[in-house]
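Student: Just dropping this structure here.
The values are calculated or read from the model by the stated rules, or taken from the named source; none is laboratory data. Everything numeric here is computed off the predicted structure, so don't read it as measured data. All Cβ positions, glycine included, derive from the backbone under ideal geometry; neighbour counts span all protein chains shown.
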Amino acid sequence: MKTTFKKLAMPAVATASALALVACGAPADDTATDETMADETSVAQEPGTIVAVAQGNDDFSTLVTAVTAAELGETLSGEGPFTVFAPTNAAFEKLPEGTLETLTAPEGKEQLTSILTYHVVEGAIDAATLTNAIESNDGSYEIATVNGGSLTATIQDGNVVLTDAAGGTSTVTATDVAASNGMIHVIDTVLMPG
């Protein structure tokens, strides 16, 4: 049975990962006003877009380069909401040698766009919602991605594991990184649409 996520309204809760992306240095002197301190606090509690969060984390520098090459930055900075299963730099390093260079070249843009949009789902889906969906569907949940393909989510050894169309798997290693236009879940392997 194929099930797709419905758009969910999620509260804007800053996670520790998102807070680490905002530089909140101490004021140069002790004459900072209460208003200035209130402004700094409100900035720290409101994460940026999915792209801004990724740009602020060195572990996603390869993903940011790929999103830029595919010209998806504006889309993923849009209203959303989106859920992104974001591969780390180490995940991209698992690709066969030369693959990333080929994909980020102008002639690889269409394939790169297909791969990247395969990691994106409509709606802000938090870890609890995803886990409940897996458990309520006999341990396997099909997720429709924005590129038209699907991922299969299961739980193995207490972790959510995504299986792609090619039969490859990726483990979710961190969850619920909040963004102003959705949610990021960190994965350890790049998923392939086919």
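Student: Before we move on, is Leu100 of a type in the set (A, V, I, L, M) and modelled with pLDDT of 95 or more?
Tutor: No: the conditions fail for Leu100.
Student: Considering region 124-137 alone, what residues qualify as being at pLDDT 95 or above and of a type outside the set (Val, Ile, Thr)?
Tutor: Asp126, Ala127, Ala128, Leu130, Asn132, Ala133, Glu135, Ser136, Asn137
Student: Within the set of pairs 6+ apart or on separate chains, which have a first residue in region 147-164 that is among the β-branched types (Val, Ile, Thr), a second that is outside any strand (DSSP E or B) and surrounded by 15 or more Cβ atoms within 10 Å (Cβ to Cβ), and C-beta atoms under 8 Å apart?
Tutor: Thr154/Ile134; Ile155/Thr131; Ile155/Ile134; Val160/Leu130; Val160/Thr131; Val160/Ile134
Student: For the condition more than 21 Å from Asn181 (Cβ to Cβ), aliphatic (A, V, I, L, M) and either modelled with pLDDT under 95 or in a strand (DSSP E or B) (or both), what is the one hit in Ala18, Ala26?
Tutor: Residue meeting the stated conditions: Ala26.
This table checks each residue for (1) on the phi > 0 side of the Ramachandran plot; (2) not hydrophobic (A, V, I, L, M, F, W, C).
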site: Ile155; (1), (2): no, no
site: Asp176; (1), (2): yes, yes
site: Asn181; (1), (2): no, yes
site: Ile184; (1), (2): no, no
site: Asp188; (1), (2): no, yes
site: Leu191; (1), (2): no, no
site: Gly194; (1), (2): yes, yes
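Student: Of the residues in region 69-103, how many are within 20 Å of Met183 (Cα to Cα), among the β-branched types (Val, Ile, Thr) and free of Cβ contacts under 8 Å to residues at least 24 places away in the same chain?
Tutor: Residues that pass the stated criteria total 1.
Student: With respect to the numbered conditions (1) modelled with pLDDT under 90; (2) in contact with a strand residue (DSSP E or B) (Cβ under 8 Å, 6 or more places away or on another chain); (3) under 26 Å from Ser170 (Cα atoms), which one is the sole condition not fulfilled by Lys6?
Tutor: For Lys6, the exception is condition (2).
Student: Could we say that Ala144 is under 16 Å from Gly80 (Cα atoms), modelled with pLDDT of 95 or more and surrounded by fewer than 19 Cβ atoms within 10 Å (Cβ to Cβ) here?
Tutor: yes
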